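Structure record follows, encoded as structure tokens.
The values are calculated or read from the model by the stated rules, or taken from the named source; none is laboratory data. No experiment lies behind these values; they were computed from the predicted model shown. Quick reminder, even Gly has a Cβ in these numbers, built from the backbone with ideal geometry, and neighbours come from all protein chains shown.
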Amino acid sequence: MRITWTIGLVLAGGCFTDPGGTLGPMSASTGTSTEAPASTGAPTSTGAPTSTGGSSSGEPTGTTMGEGADCDPWAQDCDAGLKCAPYATDNGDSWDANKCTPAGEGVPGGPCIAMMSATSGYDTCEAGAVCWDVDPGTLAGVCHALCDGSPGTPICSPGSVCSMTNEGAVNICLIACDPLLAPCQAKQVCVPDADDHFLCVGAADTVPKGFPCGYINECEPDSMCAEASKWSKCDQEMPGCCIAYCDVDVPMACDPFACVPYFPVGEAPAGLEDLGLCQDPV
């Protein structure tokens, strides 16, 4: 059973619509966004937003050749001065396509501003980067590198992993993490993406363990939103529940419940062999 969820706007600046971890898509929200993915076949836009003037900071100009055209984020095949960026064709919360927008000057790890909305595709980051961890109020975020290489052989800098989601619309390098070590920055949580890569993403909320959840990243930092059926302490009428991470090598880690390995035996990535979730014995 896989549950469809999303990640919330405060952290990632939009919603993920592909399954995340053992549950479903992640959502980037502050707890105020809806539970359903925003992209449901709404009409696509006919081009980039327009404005008078414009600048090299990434503001829409509406005049640059190639601006608003469909593009390939892996090839970065836009005209000079432009970049290929993910955006929401319906102006909603979920990225579902890529288009050419003016490239800014912000470098990965540096501050940035998203224009108009977190999912407009317009921001102040350079080509090959996107404004991430966007605050929905101020639209301020941090530039993150897009993945290099190809979908079959993605490349990110050491310590990062290419997270490919939203049916290929979003391909971004995120910091890899171990949920038992909690190496993420403040206001971030360590949660799995669709390929069970554990990555640092913005925290949408701090729902206590054992309580219902709808987003993979809205639980307390030492837990994740998983299927409620895994733990009898959870409300079985709800699809998701915040369940604690645990170390399978620590006796009584989940007493009186069991620490069940997250990955099947022999399939855990290096360093995550001891990762488990507190739940009913299987």
Discussion item. Return the residues of region 68-89 that are of a type in the set (S, T, N, Q) and either part of a strand (DSSP E or B) or more than 14 Å from Asn166 (Cα to Cα) (or both); say none if nothing qualifies.
Written reply: Gln76
Item to complete: Among the residues of region 208-249, write down those that are exposed (fewer than 15 other Cβ atoms within 10 Å of the Cβ), part of a loop (DSSP other than H, G, I, E, B) and in contact with an Asp or Glu (Cβ under 8 Å, 6 or more places away or on another chain).
Response: Pro208, Ser232, Asp249
Fill in: Pick from region 96-126, criterion aliphatic (A, V, I, L, M) and touching a residue at least 40 places away in the same chain (Cβ under 8 Å), ranking: farthest from Gly141 (Cα to Cα)
Ala97
Item to complete: Quick one: Ala85 ticks every box in (1) out of contact with any Leu (no Cβ under 8 Å at 6 or more places or on another chain); (2) closer than 17 Å to Gly141 by Cα; (3) buried (at least 20 other Cβ atoms within 10 Å of the Cβ); (4) at pLDDT below 95 except a single one, so which number is it?
Response: (4)
Worksheet item: Which one is farthest from Lys209 (Cα to Cα), of the residues in region 250-268 that are of a type outside the set (Phe, Trp, Tyr) and surrounded by 14 or more Cβ atoms within 10 Å (Cβ to Cβ)?
Response: Ala268
Practice prompt. Taking Val207 as the residue in question, decide whether it is more than 21 Å from Gln188 (Cβ to Cβ) and among the β-branched types (Val, Ile, Thr).
Written response: no
Fill in: Residues of region 109-167 that turn out to be among the β-branched types (Val, Ile, Thr) and within 15 Å of Asn98 (Cβ to Cβ), as a count
3
Discussion item. Which residue is surrounded by the most Cβ atoms within 10 Å (Cβ to Cβ), if the candidates are limited to region 197-207 and must be under 17 Å from the mean Cα position of the chain (by Cα) and not in a loop (DSSP other than H, G, I, E, B)?
Written reply: Val201
Worksheet entry | Unmet requirement for Met224, which otherwise passes all of (1) at pLDDT below 90; (2) on the phi < 0 side of the Ramachandran plot | (1)
Discussion item. Need the failing condition index for Glu220 against (1) more than 24 Å from Gly159 (Cβ to Cβ); (2) assigned by TED's automatic domain parsing to the domain that holds Ile175, just the number.
Written reply: (2)
Response to the item:
Selection from region 247-275 of residues within 23 Å of the chain's Cα centre (by Cα) and either among the hydrophobic types (A, V, I, L, M, F, W, C) or outside the structural domain of Ser232 (by TED's automatic domain parsing) (or both) yields Phe263, Ala268, Ala270, Leu272, Leu275
